[in-house]
Amino acid sequence: MERNKLRMYYILSLLFLAILLLMLFQNVFSGLSSTSAEPLSEINRIDLYNEFLGNYSKISVMLINNDTVSHNYSISTFYDEKHKDDFNVTVNGGEIFKFKRDVLPDRIPISQNETINSTLKTVKLAIYMNEQQEPFEEANFVFNSEY
C-alpha cells in the first residue's frame, strides 16, 4: 500500500515537471516569433510640484526598436492643436531610446471646449516613424485650467 502511494507521487511529480518544462519552452519560443520584431513605443505622464516651477508634468517617451533595421522617429508636440516643436531621432535595431519633456501648464494656451462647456489646456504628443503621414503612436494630455 505504501509503495503504491510512493509510485503515485513519483508519477505525479514527473507529470508536474513535464508541464512546467512545456510551459517554459512555450514562453521561450513564443518570444522568437516574428511579431516580437515590431517596434514599440510607450508614453507616460507624471505630475509633479516644485517650489520654483510650481505644478508641472514630466512626459516621457520610450521607443523600443525590436527590429533588425534602424528606424527614424519624429516626436511632435502640440499645445492646443498648435504645433510647438519636433524632435527627430534614429533608433538602431535592438536599441531603446528615452525622451523626456517638462510641460508647464501655465505656458499652454487655454482653449474653450464647447462639448463640455469648459476651458481646457491640452498637450498632444505624436510619434511618426519613417516619415509616414499617420502617427505611429499618439497621446493627448488634458490639464485643468486651474492646474
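The numbers here are math on the coordinates, done by the rules we state, and not lab data. Worth saying up front: this structure is predicted, and the values here are computed from it rather than measured. Cβ sites come from the backbone with ideal geometry, for glycine too, and all protein chains shown count toward neighbours.
Observations
- Per-residue [θ]222 nm for the chain (sum of -39500 (n - 2.57) over DSSP H runs n ≥ 4, rounded to 500): -7000 deg cm²/dmol
- As computed over the chain, the Cα convex hull volume per residue (Å³): 226 Å³
- According to the Cα-based calculation, Rg over Rh for the range 46-86 is 1.13, with Rh computed by the Kirkwood formula.
- Computed from label points 7 Å out along Cα-Cβ, the spacing between residue 20 and residue 130 is 4.3 nm.
- For the range 36-144, with +1 on Lys and Arg beta carbons and -1 on Asp and Glu, the positive-most of 72, 139, 122 along the dipole: 122
- Percentage relative contact order, the range 36-144, counting C-alpha pairs under 8 Å, at least six apart: 25 percent
- Positive-end residue, the chain charge dipole about Cα centroid, Cβ charges, pick of 99, 41, 12: 12
- Charge dipole magnitude, Cβ of K and R +1, D and E -1 - the chain, Cα centre, debye nearest 20: 860 debye
- Using the Cβ of residue 77 as centre and a radius below 14 Å, the other residues enclosed give a net charge of +2, where K and R count +1 and D and E count -1.
- From least to most packed, judged by other beta carbons within 10 angstrom and beginning with the fewest, 89, 123 follow the order 89, 123.
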